[in-house]
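A.B. asks: Supplied in structure tokens, the structure appears directly below.
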Amino acid sequence: MGNKMWAGRFTKETDERVNDFNSSISFDARMYKQDIEGSIAHATMLGECGINSAEDTEKIVSGLRGILADIESGALQFDPTAEDIHMFNEAVLTERIGDAGKRLHTARSRNDQVALDIRMYLRDEIPVIKSQIAELIETLIRLAGKNLTTVMPGYTHLQRAQPITFAHHLMAYVQMLLRDLGRLNDTYKRTNIMPLGSAALASTTYPINRQRVCELLGFDEITQNSLDGVSDRDFCIELASALSMLMMHLSRFSEEIVLWCSWEFKFIELDDAYATGSSIMPQKKNPDITELIRGKTGRVYGDLTTLLTMMKGLSLAYNKDMQEDKEAIFDAIDTAKLCLTTFIPMIDTMKVIPENMRNAAAKGFINATDCADYLVKKGLPFRQAYKITGTLVHICIEKDLTLETLPIADYKEVCEVFDEDVFEAISLDTCVMQRKVRGGPAPESVKAQIEYSEKALEALR
Ligand code: ARG
């Protein structure tokens, strides 16, 4: 009667459609290494505790090592008809070493096994994403260092607002990315906890040593409740959430690059290697990478929503719904990594066009606040100074002038207090240089920001 593990309980073969529907090997095979390493630790512990004989333990461990080597060399292929990676590895082991293989699953269930495997998989991936983020931060800091005096307009409502520098703008993203690193570190702490020994849901009657498995696998601690141990996927949701936030940041940056490389802005030009052409319009150079990142952000949000919705209302402990966790969290990881892989060199190779940034800064009355502040420094109340400056801006627009080119006579006509020194006070460079409070765009402040960020990065790595 069939070759199913549970054939004893059943009187019929499983319908082939059910087999296909149930199977997760097409997507959980990628955890083969974690599955085997987890099994080696479990088998070692069973041997040490005298639950399995030393001889069987030796066979199991070397058998598992052989399977790992053969998968990695390509000598052993995954069986697409296997139910999942756990069943596959165990079946191959038993095929290869005989009865000893059947002793591996003592005191264990696939429920705690899969919880272990996912934790190990995520634990391996988080540092990879972290190092990509760190590389992006370093790239941005380098670029900022070269653009401390590159004046550009800062925007609110996408309207030119006040002058800043390109360095200051880039460093805003560095702060976001540092927080992303912090969130990944936090997630890692709650991921690196060892659930094996929870078994199906109620732990086990065997005298196992969970702490030993914890040590063998390099976890920080063991889970405290067997029901929670098999039914917790918070760590997947946390990672998907951290990655959603990361993608949100990348999507904002991407949107700005889309704007900046348009003819309307032309603040930057993408390297030819990181842009694409059009099949019909010969003049086009498109920022496809950034648009794709903007688009893929939706995918990662979708993964987060999938995980949250999958877990909503699930009774304790394991339910098969939870098999759906893997495609979602793997997709979120793959997508974030893929985006960072192209985004970093794209940023690193793009050409900055400081003249265009400065021209844009010179045209939008972005020194109007500084003009009002000039009057305040001469004793006027801010609200009055604000109103006078508004009138001046109105006059400039009518005369097609800027605050820099409006004659002093026009200034004086609106308010007696103005003098020639107003032009110095409203020059773009003064506007930037004077904003030297911590967190401001003045070169010295941005330098301090860079120093702080470099230290923060070291602490978060
Ligand atoms: N493939 C399953 C999963 O990914 C493994 C756990 C199955 N457990 C069970 N009792 N059916 O969730």
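The values are calculated or read from the model by the stated rules, or taken from the named source; none is laboratory data. For clarity, every value in this text was computed on a predicted model and none was experimentally measured. Here the Cβ positions follow ideal geometry from the backbone for every residue, glycine too, while neighbour counts run over all protein chains shown. The area values use the complete protein model at the heavy-atom level, side chains included, leaving out ligands, DNA and RNA. Shrake-Rupley method; radii C 1.70, N 1.55, O 1.52, S 1.80 Å.
A.B. asks: How far is the Cα center of segment 33-108 from the Cα center of segment 310-383, in Å?
C.D. replies: 46 Å
A.B. asks: From the residues S109, V174, I344, which one has its Cα farthest along the dipole of the chain in the positive direction, the dipole being from +1 and -1 charges on Cβ of Lys/Arg and Asp/Glu about the Cα centre?
C.D. replies: V174
A.B. asks: On a full-extension model of 0.36 nm per residue, what is the gain between E55 and T81, subtracting their alpha-carbon distance, rounded to one decimal in nm?
C.D. replies: 6.2 nm
A.B. asks: For K399 and E291, what does the FRET efficiency come to when R0 = 45 Å and r is the distance between their Cβ atoms, rounded to the nearest 0.05?
C.D. replies: 0.65
A.B. asks: Ranked highest first by average number of other Cβ atoms within 10 Å, how do 147-156, 270-279, 92-101 line up?
C.D. replies: Peptide ranking by packing, descending: 147-156, 92-101, 270-279.
A.B. asks: How much of the accessible area of segment 1-81, probe 1.4 Å, is carbon plus sulfur, in whole percent? All intermediate terms of the calculation are to be shown ahead of the outcome.
C.D. replies: Details: 2470 of 4830 Å².
Roughly 51 percent, rounded to a whole number.
A.B. asks: Here is a further query. As a test of the formula, what do you get for the chain when each DSSP H run with n ≥ 4 contributes -39,500 (n - 2.57) and the sum is divided by the residue count, at 222 nm and rounded to the nearest 500 deg cm²/dmol?
C.D. replies: That comes out to -20500 deg cm²/dmol.
A.B. asks: Right, another one. Can you pull the accessible area of I280 for me, 1.4 Å probe, Å² to the nearest 10?
C.D. replies: Probe radius 1.4 Å; accessible area of I280 about 130 Å².
A.B. asks: Report, in debye and to the nearest 20, how large the dipole of segment 1-148 comes out about its Cα centre when Lys and Arg carry +1 and Asp and Glu carry -1 on their Cβ. Let's see the in-between values first.
C.D. replies: On the way: 18 positive and 25 negative charges, 80 e Å.
Dipole about the Cα centre, nearest 20: 380 debye.
A.B. asks: Return the distance in nm (one decimal) between the two label points of a simple spin-label model at R179 and M433, each offset 7 Å from Cα along Cα→Cβ.
C.D. replies: Between R179 and M433, the label points sit 3.3 nm apart.
A.B. asks: Can you tell me the length gained on complete extension of the stretch D272 to E420, counting 0.36 nm per residue apart and subtracting the Cα distance?
C.D. replies: 48.6 nm
A.B. asks: Which of the pairs K130/K266; K189/K320; K130/K337; K285/K351; K363/K447 have their Cα atoms more than 20 Å apart in this structure? Write down the numbers at each step before the final one.
C.D. replies: Details: K130/K266 32 Å; K189/K320 26 Å; K130/K337 10 Å; K285/K351 14 Å; K363/K447 27 Å.
Pairs exceeding the cut-off: K130/K266; K189/K320; K363/K447.
A.B. asks: A follow-up question, please. Ranked from the most accessible area to the least, with a 1.4 Å probe and all protein chains present, what is the order of H157, H394, H86?
C.D. replies: Sorted descending by solvent-accessible area, the residues read H157, H394, H86.
A.B. asks: Still on this model: Could you sort R383, R299 by accessible area so the largest value comes first, with the probe set to 1.4 Å?
C.D. replies: From most accessible down to least: R383, R299.
A.B. asks: Roughly how many Å² is the accessible area per residue of segment 136-217, as a whole number, for a 1.4 Å probe?
C.D. replies: 42 Å²
A.B. asks: Ok, one more. Putting +1 on Lys and Arg Cβ atoms and -1 on Asp and Glu Cβ atoms, find which of A368, I397, L457 reaches farthest to the positive end of the dipole of segment 339-461.
C.D. replies: Value computed over the given set: L457.
A.B. asks: First compute the accessible area of segment 193-303 with a 1.4 Å probe, then give the percent of it belonging to carbon and sulfur atoms.
C.D. replies: Roughly 52 percent of what the probe reaches on segment 193-303 is carbon or sulfur.
A.B. asks: As an exercise, use a Förster radius of 41 Å and the Cβ-Cβ distance of H157 and D321 to find the FRET efficiency, rounded to the nearest 0.05.
C.D. replies: Taking R0 as 41 Å, the efficiency between H157 and D321 is 0.40.
A.B. asks: Moving on to the next point. Quick check: pseudo-label points 7 Å beyond the Cα along Cα→Cβ at D20 and Q384, how many nm apart are they?
C.D. replies: 8.3 nm
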